[in-house]
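Written out below as structure tokens is the structure these notes cover.
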Amino acid sequence: MNPQMAIEHVLHDLPSAATATFLALFPIVNPLGGIPMFFNLTANFSPEDRRRTALKTAVYVIAILIVFMFFGRFVLNFFGISLPVLKIAGGLIVANTAWGMVTGSSRMTMRKAARP
């Protein structure tokens, strides 16, 4: 495959890949759910400080997502983790969290368990 064909292939697949990535990451990042928490944490900030903090946070999140978009597979390969195994582990973690929410069970710390 020559460079021209590679560029055409990337440009052809880029819109659908970007859309799929956005739709997969939007619920994880959950910007709408984070708005109340952001306003609560920055309640004492001036409007300018709040804007600056929001911009810095957005830049950091985008940078982290881009770094892992390009180097995430290398990290997984370094640790010998395949993508299907990661998907299964993530599903088990989500299922365990959901089960805890449904059953209402809480985890006790050693300090709470030691109290009479």
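We did not get these values from a lab; they are worked out from the coordinates using the rules stated. As the structure is a computational prediction, the values presented were derived from the model and not from experiment. Please note: Cβ atoms are built from the backbone with ideal geometry, for glycine as well, and neighbour counts cover all protein chains shown.
Worth pointing out:
- Residue (of Met5, Met110, Pro84) at the positive-pole extreme of the chain, dipole from beta-carbon charges: Met110
- Calculated mean residue ellipticity at 222 nm for the chain: -28500 deg cm²/dmol, from DSSP H runs with n ≥ 4 weighted as -39500 (n - 2.57), summed, divided by the residue count and rounded to 500.
- Rounded to the nearest 0.05, the FRET efficiency derived from the C-beta distance between Phe79 and Thr21 at R0 = 22 Å is 0.45.
- The calculated FRET efficiency for Val67 paired with Ile88, based on their beta-carbon distance and R0 = 22 Å, is about 0.35.
- Which label in (1) 13.4; (2) 8.6; (3) 7.7 gives the computed mean projected area of the Cα convex hull in nm²: (1)
- Note on Thr42 and Asp13: the model spin-label points, each 7 Å out from Cα along the C-beta direction, lie 3.7 nm apart.
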